[in-house]
Amino acid sequence: MFNLAVQWKMRPDNPAMGFHRRIETERERYLSMDEIDRLAKALGTAEDQRAANIIRMCMLTGARLGEVRCARFEQFNLEFATWSKPATTTKQRKIHRLPISPDVAAIVRQRQTAVHRDCPWLFPGDVPGQPVKEIRRFWRQIQTEAGITGVRIHDLRHTFASLLVRS
């Protein structure tokens with residue numbers, strides 16, 4: 001933009017000259033089967049099962065954390081075992097339909113009994129009418145209990161994808 005402004009004689013100089021782009025290195029962290037087992041055990045004994053189920057859904061579907069946090073009951077068809085994620089919650093801004101496993105369906109059924117009938121959110125937050133906003137503290141605690149380090153919740157998505165490809 002500034003180069004064009006100089007070329008079109010709208011500016012005498014480019015104030016962005018001299019700045020060097022920081023090269024980003026992508027992090028790729030996959031959980032081993034042992035780490036997955038330890039994480040599953042830690043989630044099973046967690047006091048906050050709402051947050052534990054959010055992590056489980058990320059692990060079992062490969063979905064992004066925001067997609068799981070903002071999931072609504074109406075998006076799940078348990079008869080056909082599908083989850084239709086609306087365009088507003090997906091990175092590509094397109095509707096994304098995916099099959100769900102019996103374990104994911106079990107989580108949805110469990111949440112139906114745990115959540116008030118008038119609430120649309122699979123994981124309602126502490127603020128009425130809104131989904132869960134934050135689980136970072138829970139994630140740090142679970143990592144410690146599971147004895148895993150250097151893992152982001154997004155790495156569960158990478159792990160899911162690599163396991164899916166392998167199978």
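The values are calculated or read from the model by the stated rules, or taken from the named source; none is laboratory data. Keep in mind that this is a model prediction, so the values were computed, not measured. FYI the Cβ positions are ideal-geometry reconstructions off the backbone, even for glycines, and counts take in every protein chain you see.
Here are the numbers:
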read-out: Candidate set: the stretch 3-52, residues that are over 37 Å from the mean Cα position of the chain (by Cα) and surrounded by 10 or more Cβ atoms within 10 Å (Cβ to Cβ); chosen: the one farthest from residue 164 (Cα to Cα); value: 11
read-out: The listed residue being of a type in the set (A, V, I, L, M) and within 19 Å of residue 133 (Cβ to Cβ), out of 87, 5, 51, 81; value: 51
read-out: The stretch 93-109 - residue that is touching a strand residue (DSSP E or B) at 6+ places or on another chain (Cβ under 9 Å) and among the β-branched types (Val, Ile, Thr) and, of those, modelled with the lowest pLDDT; value: 95
read-out: Verdict on residue 82 being over 16 Å from the mean Cα position of the chain (by Cα) and surrounded by 10 or more Cβ atoms within 10 Å (Cβ to Cβ); value: yes
read-out: Entirely in the stretch 1-73, the helices (runs of 4 or more DSSP H) that have 1 or more residues that are closer than 29 Å to residue 114 by Cα; value: 33-44, 49-61, 65-69
read-out: Options 163, 156; residue that is free of Cβ contacts under 8 Å to residues at least 40 places away in the same chain and among the aliphatic types (A, V, I, L, M); value: 163
read-out: Selection within the stretch 110-127 - outside any loop (DSSP other than H, G, I, E, B) and exposed (fewer than 11 other Cβ atoms within 10 Å of the Cβ); value: 113
read-out: Options 130, 75; residue that is farther than 25 Å from residue 26 by Cα, crowded, with 16+ Cβ neighbours inside 10 Å and either in contact with a strand residue (DSSP E or B) (Cβ under 7 Å, 6 or more places away or on another chain) or free of Cβ contacts under 8 Å to residues at least 12 places away in the same chain (or both); value: 75
read-out: Residue, surrounded by the most Cβ atoms within 10 Å (Cβ to Cβ), within the stretch 133-154, restricted to residues that are under 17 Å from the mean Cα position of the chain (by Cα) and of a type in the set (A, V, I, L, M); value: 142
read-out: Some residue of the stretch 57-71 being under 20 Å from residue 130 (Cβ atoms), touching a Ser or Thr at 6+ places or on another chain (Cβ under 7 Å) and touching a residue at least 24 places away in the same chain (Cβ under 8 Å); value: yes
